[in-house]
Amino acid sequence: MKLQNITQMVQEIILRNIEKPHIKSLDEDLIWFCDSFGFSSGRDIEKTATKIIFSLVDKLSNDELTSSEDLAGDLNITISRVNHHIRNLNDSGLLYRKKRFLYLRGGSLKAAVKEMRKDSERIFDELENIAEEIDSIKGIRNR
């Protein structure tokens, strides 16, 4: 098998089917939102990514511009740690950085989710097309 080394943009969208909170609570809903996208999974045992999203949403809801430096100061964590999580959140498609400021994609959580859904549909379309080509080349028939 020949593998090609191609540099390309990587987008990682994680979806976890988690039961919604039983009690209506802004904090619980935002935690559920973050957990459903796997933002604070793996080695993020302190849920730093979720804390960053909480802080970002608070600032944006007050029409404040914010940067990685602001978030690091607010959360009392290192800028490198914030930037690590910002890169992951950017790679997921939730937010983007313009110059030194951070923005939710589309300007809101709902708009960001809609854009991420479109991204995932494009990814699945590409996967389906390639899978069909592989099936055809290998003679695998679809039922």
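Bear in mind these aren't lab numbers, they're just calculated from the coordinates by the rules spelled out. Since the model is a prediction, treat every value here as computed from it, not as a measurement. Don't worry about glycine lacking a Cβ; one is built from the backbone with ideal geometry, like all the others, and counts go over all protein chains shown.
Worth a mention:
- Scanning region 52-78 for residues that are in contact with a Phe, Trp or Tyr (Cβ under 8 Å, 6 or more places away or on another chain) and either among the β-branched types (V, I, T) or surrounded by fewer than 17 Cβ atoms within 10 Å (Cβ to Cβ) (or both) turns up I53, L65, T66.
- Tally of residues being more than 11 Å from the chain's Cα centre (by Cα), over 13 Å from L56 (Cα atoms) and basic (K, R) across region 83-112: 4
- For region 77-106, the set of residues classified as more than 23 Å from D35 (Cβ to Cβ) and in a loop (DSSP other than H, G, I, E, B) consists of T78, K99, R100, listed by residue number.
- Taking residues in region 76-94 that are without any contact (Cβ under 8 Å) to a residue 24 or more places away in the chain and on the phi > 0 side of the Ramachandran plot, and partners anywhere that are surrounded by 16 or more Cβ atoms within 10 Å (Cβ to Cβ) and assigned to a helix (DSSP H, G or I), not one pair has Cβ atoms closer than 8 Å while being at least 6 places apart or on different chains.
- Condition check for L15: more than 19 Å from the chain's Cα centre (by Cα) and part of a loop (DSSP other than H, G, I, E, B): no
- Of all residue pairs spaced 6 or more apart or on separate chains, those with beta-carbon atoms under 6 Å, a first member in region 62-73 that is of a type in the set (V, I, T) and a second member that is assigned to a helix (DSSP H, G or I) are T66/K59.
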